[in-house]
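Below: the structure, in structure tokens.
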Amino acid sequence: MSKILLIGPRTRKINPEKTGGVIVLFEQLINELDQLGVEKIIIDANGANYGNKISAFLNIMYQMLLNIRKVDHVSLHGTAATYLSVAPFAILLCRLFRKTLSLRKFAGNFNQFYENGGKFRRGIIEFILRNADYTFFETKFLVEYFGKYNENTFWFPNVRERTFTPELPRSFNKRFVFISHVSKGKGIDQILEASNQLEPGYTIDIYGPIMYGEYSEKDFKNYNVNYKGALKHNEVIPTLNKYDVLLLPSYRAEEGYPGIIIEAYSLGIPIISTSLKSIKEICDNGVEGLLVTPKSIPEMVFAIKYFNRDNYQKFSQQAFKKFEVFRSDIHTNKFLETLQLVSQ
């Protein structure tokens with residue numbers, strides 16, 4: 001395999017507990033490439049790890065100029081902001097130094113970012129997509145949507161490795177959990193309101209950093225939930241394994257394939273989420289879990305009550321099986337196969 005210059009967001013140096021799914025994915029790719037012995041140079045594109053946005057941009061550009069001659073392929077992994085700021089320069093440098101370039105876009109709302117932008121933004125995005133050698137998107141919808149700009153457009157979903165083998169079959173004890181950023185867009189209000197409409201015996205625990213100052217710990221005291229604080233990355237799987245069903249009633253337009261859903265599948269834990277386009281790609285309603293209308297409290301209450309000891313095992317088995325679609329080793333190898341074609 002040729003040597004790769006990887007550009008993407010590394011773990012936050014300050015407040016690492018606020019590390020989001022985008023960073024988890026990039027760090028996971030690095031770990032998989034380490035295991036496969038792939039030669040690489042890594043440039044951190046996480047603006048939070050630099051003094052400011054200008055400093056981040058200048059540092060990234062400097063590191064690209066310093067290292068691009070040493071590699072055969074450049075691979076940029078990022079969000080919409082990364083695409084607009086770094087990708088045009090990556091394309092120009094790759095053309096100048098005769099290197100191939102792949103772009104991987106995280107999250108699921110890039111079509112809206114494109115459509116809502118002005119003529120200038122849309123022009124930049126089209127330039128980026130047309131001039132990359134290969135492009136990768138997290139959702140199948142985005143692959144289809146942007147495939148017209150580059151025939152070499154592929155699906156690279158949110159992936160995980162199964163780091164823990166659960167004891168199966170799982171038992172059902174009415175233990176529900178939310179693990180994510182604690183924000184309104186993730187459906188926290190709907191969980192809180194639903195919790196007060198449940199009879200005694202249910203447990204609903206909420207983990208995650210409180211975002212944007214939207215809540216305080218005392219806000220949870222009037223509801224039948226327990227706010228447990230933020231988890232470190234290595235605490236997520238052991239904590240999740242203590243519960244029966246994952247709650248993630250997100251209505252965020254930018255939602256892609258939430259990593260916590262993939263992690264729940266790895267443990268055979270079914271989910272309750274929403275019928276967002278991206279979520280419907282990874283969960284068949286009534287199979288691996290239940291999907292409710294975004295912001296619907298009655299449907300959330302119904303979904304929580306729907307699980308019981310009679311139907312739980314079937315949901316759990318299907319969730320465990322579904323994880324195979326999102327195994328990181330499979331998709332990392334597909335990614336490398338693509339880059340080998342590019343680098344020839």
- Task: Any residue in the stretch 262-281 that's more than 15 Å from LEU247 (Cβ to Cβ) and aliphatic (A, V, I, L, M): show its pairings with residues that are part of a helix (DSSP H, G or I) and modelled with pLDDT of 95 or more at Cβ separation under 6 Å, as long as the two are six or more apart or on different chains.
- Result: ILE262/PHE326
- Exactly one condition in (1) of a type outside the set (Val, Ile, Thr); (2) in contact (Cβ under 8 Å) with a residue 40 or more places away in the chain; (3) in contact with a Pro (Cβ under 9 Å, 6 or more places away or on another chain); (4) surrounded by fewer than 15 Cβ atoms within 10 Å (Cβ to Cβ) is not met by LYS186; state its number. (4)
- Out of all the residues in the stretch 292-344, which are small (Gly, Ala, Ser) and under 24 Å from SER2 (Cβ atoms)? SER328, SER343
- Message: From the list LEU198, LEU247, LEU231, exactly one residue is at pLDDT 95 or above, surrounded by 15 or more Cβ atoms within 10 Å (Cβ to Cβ) and either in contact with a Gly (Cβ under 8 Å, 6 or more places away or on another chain) or of a type in the set (D, E, K, R) (or both). Which is it?
- Response: LEU247
- Inter-residue pairs, beta-carbon under 7 Å, first surrounded by 15 or more Cβ atoms within 10 Å (Cβ to Cβ) and modelled with pLDDT under 90 and in the stretch 7-34, second of a type in the set (A, V, I, L, M) and not in a loop (DSSP other than H, G, I, E, B), 6+ apart: THR11/ILE23; ARG12/ALA48
- Query: Does ILE237 meet the test of being crowded, with 22+ Cβ neighbours inside 10 Å and under 17 Å from ARG162 (Cβ atoms)?
  - Reply: no
- The one condition ARG162 fails out of (1) crowded, with 16+ Cβ neighbours inside 10 Å; (2) in a loop (DSSP other than H, G, I, E, B); (3) in contact with a helix residue (DSSP H, G or I) (Cβ under 6 Å, 6 or more places away or on another chain); (4) at pLDDT 95 or above is (4)
- Filtering the stretch 212-244 down to residues that are at positive phi and in contact with a strand residue (DSSP E or B) (Cβ under 9 Å, 6 or more places away or on another chain) yields GLY229
- Query: Is there a residue in the stretch 130-137 that is surrounded by fewer than 16 Cβ atoms within 10 Å (Cβ to Cβ) and either more than 16 Å from GLY21 (Cβ to Cβ) or touching a residue at least 12 places away in the same chain (Cβ under 8 Å) (or both)?
  - Reply: yes
- Matching helices (runs of 4 or more DSSP H) fully within the stretch 48-154 where at least 3 residues are among the small types (Gly, Ala, Ser): 80-85
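The values are calculated or read from the model by the stated rules, or taken from the named source; none is laboratory data. Everything quoted here is computed from the prediction, not taken from an experiment. We place every Cβ from the backbone using ideal geometry, glycine too, and count neighbours over all the protein chains shown.
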